[in-house]
Amino acid sequence: MNLDFSQIVPYIPFMLKGIWVTLKFVFFAILFGFVLGTVFALFKISRIKTLKWIGDIYTSIFRGTPLIVQLMLIYFAIPQLTGYDIKPFLSAILAFGLNSAAYVSEIIRAGIQAVDKGQTEAAQALGVPYYLMMKDLILPQAMKNILPALMNEFISLTKESALVSTIGYLDLMRRAQVVGAQIYRNFEPLLFVAVIYWVLVFILTVLGRQLERKMKYSD
């Protein structure tokens with residue numbers, strides 16, 4: 001096998017910097033997606049038909065189209081339509097956050113509806129305001145039930161983050177491509193960053209299990 005990992009040694013610091021670059025946009029995308037997903041989940045369980053319709057249409061659009069198409073539309077269409085030169089970092093956060101929100105909204109909706117309806121009825125009978133009931137009673141219980149599904153979504157988002165290399169964002173994947181172009185060897189740098197992605201996902205998986213276990217025993 002014609003392999004020579006010694007050629008990528010000088011470029012290892014350059015590729016390792018991609019870890020922070022990748023995690024930075026993934027963190028903001030996850031945060032944005034979680035907040036927006038929670039809002040749309042509440043829309044979907046609302047008694048107001050317009051809000052339910054908005055939530056369903058949103059989910060249908062973002063789950064029914066490829067993430068890379070959404071990324072390209074945001075990165076290339078916004079400057080064309082508005083004249084605003086959007087940066088790759090902001091494009092990545094918007095595309096991944098909006099896409100993740102569609103999936104998170106379904107996860108949270110299912111979690112909320114899995115909570116015993118008797119608790120909702122009891123809170124309403126006691127005159128507890130809707131937002132307090134959701135914040136203090138329903139959502140905390142729903143989160144315990146949906147934590148594994150949420151962690152899977154966040155792990156998938158981390159792996160899919162490699163797609164941002166298509167718009168020139170210097171994440172892990174893009175840096176591996178740059179190194180490959182410099183040394184005219186692609187397998188070694190790609191394998192190197194593949195291992196890094198695996199380590200990141202492994203760490204997230206372990207942290208997710210520990211958090212799940214902690215919440216389970218906090219009942």
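The values are calculated or read from the model by the stated rules, or taken from the named source; none is laboratory data. Quantities reported herein were computed from a predicted structural model and do not represent experimental measurements. Positions of Cβ are backbone-derived with ideal geometry, glycine not excepted, and every protein chain shown enters the neighbour counts.
The set of residues in the range 74-89 that are buried (at least 16 other Cβ atoms within 10 Å of the Cβ) and assigned to a helix (DSSP H, G or I) comprises Ile74, Tyr75, Ile78, Pro88, Phe89.
Condition first: closer than 19 Å to Met215 by Cα and surrounded by 20 or more Cβ atoms within 10 Å (Cβ to Cβ). Can you find one or more residues in the range 113-129 that meet it?
Of the residues in the range 113-129, the ones closer than 19 Å to Met215 by Cα are 114-116.
Those left that are additionally surrounded by 20 or more Cβ atoms within 10 Å (Cβ to Cβ): none.
Taking every residue of the range 113-129 in turn, none turns out to be closer than 19 Å to Met215 by Cα and surrounded by 20 or more Cβ atoms within 10 Å (Cβ to Cβ).
Residues satisfying the criterion are present in the range 100-112 (criterion: over 14 Å from the mean Cα position of the chain (by Cα) and surrounded by fewer than 17 Cβ atoms within 10 Å (Cβ to Cβ)).
Taking the criterion of being touching a Phe, Trp or Tyr at 6+ places or on another chain (Cβ under 6 Å), surrounded by 14 or more Cβ atoms within 10 Å (Cβ to Cβ) and modelled with pLDDT of 90 or more, would at least one residue in the range 189-197 satisfy it? Break it down into steps so the answer makes sense when it comes.
If we filter the range 189-197 for residues that are touching a Phe, Trp or Tyr at 6+ places or on another chain (Cβ under 6 Å), which is where we start, we get none.
Looking through the range 189-197, none of the residues is touching a Phe, Trp or Tyr at 6+ places or on another chain (Cβ under 6 Å), surrounded by 14 or more Cβ atoms within 10 Å (Cβ to Cβ) and modelled with pLDDT of 90 or more.
Quick grid of which residues meet (1) surrounded by 19 or more Cβ atoms within 10 Å (Cβ to Cβ); (2) in contact with an Asp or Glu (Cβ under 7 Å, 6 or more places away or on another chain); (3) part of a helix (DSSP H, G or I):
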position	(1), (2), (3)
Ile12	no, no, yes
Ile19	no, no, yes
Ala29	yes, no, yes
Gly33	yes, no, yes
Phe40	yes, no, yes
Phe43	yes, no, yes
Thr50	no, no, yes
Ile54	no, no, yes
Thr59	yes, yes, yes
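Is the range 85-102 home to any residue that is out of contact with any strand residue (DSSP E or B) (no Cβ under 9 Å at 6 or more places or on another chain) and at positive phi? No: zero hits.
The residues of the range 158-176 that are buried (at least 17 other Cβ atoms within 10 Å of the Cβ) and more than 16 Å from the chain's Cα centre (by Cα), listed by number, are Ser165, Ile167, Tyr169, Leu170, Leu172, Met173, Arg174, Arg175, Ala176.
With the structure loaded, tell me whether Arg63 is in a helix (DSSP H, G or I), charged (D, E, K, R) and at pLDDT below 95 or whether it fails that test. Spelling it out, Arg63 is indeed in a helix (DSSP H, G or I), charged (D, E, K, R) and at pLDDT below 95.
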